[in-house]
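The structure appears right after this line, and notes come after that.
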2 protein chains.
Amino acid sequence: MVKKKAQPKKPKAKSKEQETPKQVAKKLEGIGQEMVKDITKLKDPEFRTQLRGRSNVMFDEKKGTLALGDKTTTRNFLNIGHARKFMQTTMVAAKTRDYLNHNKTASIREIYYELKHTVPNSKENTFDGQTESDSVIVDLEHSVDTIREKLNLHANPKGTLYGDITLKDKMHNNDKFNCLKLGRGGWSVMSRLEPEEIEIVKVNAKYVLVIETEAMYERLVEEQFARKNKCILVSTGGQAARGTRRLIHRLNQQEKLPVLVFTDGDPYGWYIYSVIKQGSMALAAHSDYLASPEAKYIGMTLDDVETYELQNVTEKMKDGDIKRAKEMLEYPWFQNKEWQRQLKKALKEKIRIEQQALANKSLEFVAKEYLPRKIKDEDFLP
Amino acid sequence: MVKKKAQPKKPKAKSKEQETPKQVAKKLEGIGQEMVKDITKLKDPEFRTQLRGRSNVMFDEKKGTLALGDKTTTRNFLNIGHARKFMQTTMVAAKTRDYLNHNKTASIREIYYELKHTVPNSKENTFDGQTESDSVIVDLEHSVDTIREKLNLHANPKGTLYGDITLKDKMHNNDKFNCLKLGRGGWSVMSRLEPEEIEIVKVNAKYVLVIETEAMYERLVEEQFARKNKCILVSTGGQAARGTRRLIHRLNQQEKLPVLVFTDGDPYGWYIYSVIKQGSMALAAHSDYLASPEAKYIGMTLDDVETYELQNVTEKMKDGDIKRAKEMLEYPWFQNKEWQRQLKKALKEKIRIEQQALANKSLEFVAKEYLPRKIKDEDFLP
């Protein structure tokens with residue numbers, strides 16, 4: 001893991017984010033044309049992508065997000081160890097270009113099934129499992145410097161949006177709908193939320209509150225928290241799905257709304273926060289699309305246990321949480337005194353506190369006292 | 001597990017389903033008043049509930065759903081083995097009555113936290129974990145013959161609704177919204193969907209298609225399947241949450257819409273179907289609220305593998321699936337030749353086939369051929 005300032009070499013985030021399907025398809029075609037050139041020159045065709053893994057992940061302090069370094073890796077058709085992956089990569093590139101040209105999208109499971117077959121006159125399958133196609137998709141994302149969503153691929157959707165925000169779906173009859181007017185259920189966040197498809201028409205809110213658990217989301221809806229505090233609620237249902245992270249990113253970067261993240265008070269919850277804010281190591285190259293570097297953490301903290309006398313409703317930290325806390329202590333993006341203190345406190349006390357434990361005060365406490373007081377005092381972690 | 005015809009003794013489904021919060025609160029008060037009577041007579045106060053577990057679960061062939069038998073069990077305050085649970089039950093009864101009277105709802109995790117405290121002058125906690133409060137909630141549901149949703153309690157929400165159906169949320173500004181006009185995202189189904197709160201204003205559809213995976217749901221939305229086939233789509237995201245089952249039940253029983261269930265072709269998917277149709281053993285007493293006995297199964301089946309030449313995209317059945325298939329062979333509600341044949345075929349071939357494997361034909365295949373042909377031929381499993 002390298003810790004250094006990023007070199008601004010790549011095109012700016014804004015232009016990448018606004019690439020149209022046509023432009024992305026062009027890039028994919030570019031890969032194919034290079035290969036054809038090589039072949040006609042009787043040269044070994046080559047495919048180049050960024051090296052991933054911790055050795056090439058760095059923390060871009062200026063942007064406040066994770067990023068990939070400059071190391072690349074190549075794959076050659078005539079290298080017997082590369083040939084299979086080479087074939088898989090060209091298959092996925094050709095298929096996603098088709099999707100883009102025909103306005104189709106597919107889940108990463110579908111493209112796996114769509115491309116899987118036995119190579120004629122052999123017993124060899126094109127793909128032997130989804131991990132093979134997934135890995136090739138990641139290669140391709142890095143090779144054309146985009147995200148899978150712009151290749152018209154997606155993972156499963158998860159997450160709910162609620163509040164005074166009007167969206168327009170340009171691919172669905174130009175539907176325009178306000179997410180404060182869908183009853184208490186809210187809008188089911190899609191797996192892909194690209195600006196050229198889903199337009200944020202209007203937001204009438206002072207900030208975005210991102211919530212880890214659906215039950216706490218339902219609590220805040222019941223307490224009319226969004227209306228009374230003029231904010232947008234986004235529930236993630238655990239680790240945020242890519243579509244939900246893209247939505248939060250757009251509200252933060254495009255709409256310039258402050259983002260406050262509210263999770264359980266345990267290393268897993270804090271990690272959910274850091275993925276929303278700085279990005280993840282696995283997707284370090286995609287922070288420009290997915291991260292919300294100005295996000296702040298509102299709770300739960302272990303200090304809350306003392307401040308609000310919640311000693312009776314803490315739980316023991318699990319082994320996985322302890323391991324995660326130790327790892328997080330070392331991450332460059334947790335090198336500030338507030339998080340170091342919090343993580344060390346967790347490792348010392350070995351307790352965790354859930355969002356819903358605030359119900360021990362009263363059901364309304366979270367909406368009437370806990371959140372408003374933290375917001376008034378700007379009592380956030382960085 | 002008893003297999004017999006149910007005795008129609010309890011009040012009819014319809015009246016139970018339409019009970020108002022006031023009526024349910026009255027029933028809870030009734031329990032308290034009985035106890036007070038006993039105490040003033042110096043009698044040992046008693047709490048009666050239905051016996052659960054397989055020995056009291058039966059399959060009601062007339063209704064086509066699971067049901068509980070007549071066995072009951074009592075708990076006495078002066079029995080030292082019962083005293084703790086007795087106290088917990090009265091706490092939950094009193095608190096849910098409060099919710100009902102003050103128009104509040106709570107998740108089952110919140111009520112646990114809300115009621116958890118150390119009994120004064122002791123080291124005894126009221127509850128030592130959520131399993132304790134969950135179990136008391138179930139007792140109470142059975143004792144007053146209702147579902148937790150009518151005690152204003154809920155579990156986590158999950159599931160999405162899409163199609164030409166207009167809902168009204170009477171507890172949220174009387175919002176009226178059509179679920180075909182929310183872009184491709186759809187409406188996030190709430191954890192509680194009681195008729196006195198969420199009104200189904202209008203449905204313009206010939207049937208309801210329930211889908212196991214979110215990715216298949218997104219596929220069918222992209223293919224405009226709902227519009228072209230005049231149907232409602234409900235995605236469950238795996239095993240259906242209670243709110244989603246309640247929604248399907250209401251569409252089936254109240255709106256008289258046929259329900260077709262579309263899952264992966266494996267014992268887990270078939271079990272998801274059976275829970276939607278006949279109910280589950282754990283919630284046998286609640287089938288009148290949650291089951292959709294007229295539901296039919298549209299796929300995937302292992303016959304599809306041959307019909308559509310999908311041999312190349314099957315997967316091996318896991319051990320858990322094999323165990324489940326063996327259990328299902330014995331369930332009274334799987335005693336028909338179609339399911340017996342299907343389950344035996346699965347145990348013989350030991351393969352499974354996913355919904356998304358249909359992408360092997362083409363992305364559009366499921367929407368343009370597979371589902372329309374099955375519907376035209378009424379090629380369903382019972």
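Testing B:SER135 on (1) within 14 Å of chain A (Cβ to nearest Cβ); (2) surrounded by fewer than 18 Cβ atoms within 10 Å (Cβ to Cβ); (3) among the small types (Gly, Ala, Ser), one condition comes back false. Which one is that?
Only one criterion in (1) within 14 Å of chain A (Cβ to nearest Cβ); (2) surrounded by fewer than 18 Cβ atoms within 10 Å (Cβ to Cβ); (3) among the small types (Gly, Ala, Ser) is unmet by B:SER135, namely (1).
Which of the helices (runs of 4 or more DSSP H) found entirely inside segment A:289-382 contain at least 2 residues meeting this: under 30 Å from A:ASP60 (Cα atoms) and free of Cβ contacts under 8 Å to residues at least 24 places away in the same chain?
It comes to A:319-330, A:337-349.
Which ones in segment A:181-202 are closer than 28 Å to B:ARG192 by Cα and over 19 Å from the mean Cα position of the chain (by Cα)?
Within segment A:181-202, A:LYS181, A:LEU182, A:GLY183, A:ARG184, A:GLY185, A:GLY186 qualify.
When you go through A:LEU260, A:LEU233 one by one, which is the residue that is assigned by TED's automatic domain parsing to the domain that holds A:LEU193 and either β-branched (Val, Ile, Thr) or in contact with a helix residue (DSSP H, G or I) (Cβ under 7 Å, 6 or more places away or on another chain) (or both)?
When all the criteria are applied, what remains is A:LEU233.
Of all residues in segment A:356-371, which are under 14 Å from A:ASP304 (Cα atoms) and either surrounded by fewer than 20 Cβ atoms within 10 Å (Cβ to Cβ) or facing chain B (nearest Cβ under 8 Å) (or both)?
A:GLN356, A:ALA357, A:LEU358, A:ALA359, A:ASN360, A:LYS361, A:PHE365, A:GLU369
Taking B:ASP319 as meeting all but one of (1) out of contact with any strand residue (DSSP E or B) (no Cβ under 8 Å at 6 or more places or on another chain); (2) farther than 27 Å from A:GLU110 by Cα, write down the number of the exception.
Of everything listed in (1) out of contact with any strand residue (DSSP E or B) (no Cβ under 8 Å at 6 or more places or on another chain); (2) farther than 27 Å from A:GLU110 by Cα, B:ASP319 misses just condition (2).
Examine segment A:46-59 for a residue that is of a type in the set (S, T, N, Q), surrounded by fewer than 19 Cβ atoms within 10 Å (Cβ to Cβ) and within 14 Å of another protein chain (Cβ to nearest Cβ), and state whether such a residue exists.
Looking through segment A:46-59, none of the residues is of a type in the set (S, T, N, Q), surrounded by fewer than 19 Cβ atoms within 10 Å (Cβ to Cβ) and within 14 Å of another protein chain (Cβ to nearest Cβ).
Which members of segment B:146-169 meet the condition of being surrounded by fewer than 19 Cβ atoms within 10 Å (Cβ to Cβ), more than 9 Å from every other protein chain (Cβ to nearest Cβ) and not in a strand (DSSP E or B)?
Residue satisfying the conditions is B:ASP164 alone.
Restricting to segment A:109-126, give me the number of residues that are assigned to a helix (DSSP H, G or I) and not hydroxyl-bearing (Ser, Thr, Tyr).
5
Within segment A:177-185, is there a residue that is out of contact with any Asp or Glu (no Cβ under 7 Å at 6 or more places or on another chain), part of a strand (DSSP E or B), at the interface with chain B (Cβ under 7 Å from one of its Cβ atoms) and of a type outside the set (D, E, K, R)?
Scanning segment A:177-185 turns up at least one residue that is out of contact with any Asp or Glu (no Cβ under 7 Å at 6 or more places or on another chain), part of a strand (DSSP E or B), at the interface with chain B (Cβ under 7 Å from one of its Cβ atoms) and of a type outside the set (D, E, K, R).
Given the options B:LYS206, B:LYS123, name the one that is of a type in the set (Lys, Arg), within 12 Å of another protein chain (Cβ to nearest Cβ) and surrounded by fewer than 22 Cβ atoms within 10 Å (Cβ to Cβ).
Testing whether each residue is of a type in the set (Lys, Arg), within 12 Å of another protein chain (Cβ to nearest Cβ) and surrounded by fewer than 22 Cβ atoms within 10 Å (Cβ to Cβ) leaves just B:LYS123.
Do we have any residue at all in segment A:234-245 that's in a helix (DSSP H, G or I), surrounded by fewer than 24 Cβ atoms within 10 Å (Cβ to Cβ) and hydroxyl-bearing (Ser, Thr, Tyr)?
no
Can you pull out the strands (runs of 3 or more DSSP E) entirely within segment A:1-75 that have at least 1 residues that are small (Gly, Ala, Ser), touching an Asp or Glu at 6+ places or on another chain (Cβ under 7 Å) and at pLDDT 90 or above?
Result: A:65-68.
Out of all the residues in segment A:28-85, which are within 23 Å of the chain's Cα centre (by Cα) and among the aromatic types (Phe, Trp, Tyr)?
A:PHE59
Name the residues in segment A:353-382 that are among the charged types (D, E, K, R) and under 22 Å from B:LEU153 (Cα atoms), would you?
A:GLU354, A:LYS361, A:GLU364, A:LYS368
Filtering segment B:191-221 down to residues that are in a helix (DSSP H, G or I) and either of a type in the set (Phe, Trp, Tyr) or in contact (Cβ under 8 Å) with a residue 60 or more places away in the chain (or both), which residue is nearest to B:GLN355 (Cα to Cα)?
If we take residues in segment B:191-221 being in a helix (DSSP H, G or I) and either of a type in the set (Phe, Trp, Tyr) or in contact (Cβ under 8 Å) with a residue 60 or more places away in the chain (or both), then B:MET216 is nearest to B:GLN355 (Cα to Cα).
Which residue is surrounded by the most Cβ atoms within 10 Å (Cβ to Cβ), if the candidates are limited to segment A:332-342 and must be within 18 Å of A:MET281 (Cα to Cα) and in contact with a strand residue (DSSP E or B) (Cβ under 8 Å, 6 or more places away or on another chain)?
A:TRP333
Going by the structure shown, is A:THR90 part of a strand (DSSP E or B) and at pLDDT 90 or above?
No: the conditions fail for A:THR90.
The values are calculated or read from the model by the stated rules, or taken from the named source; none is laboratory data. From a predicted model like this one, the values you see are computed outputs, not experimental measurements. Reconstructed Cβ throughout: ideal geometry from the backbone, glycine too, with neighbour counts over all protein chains shown.
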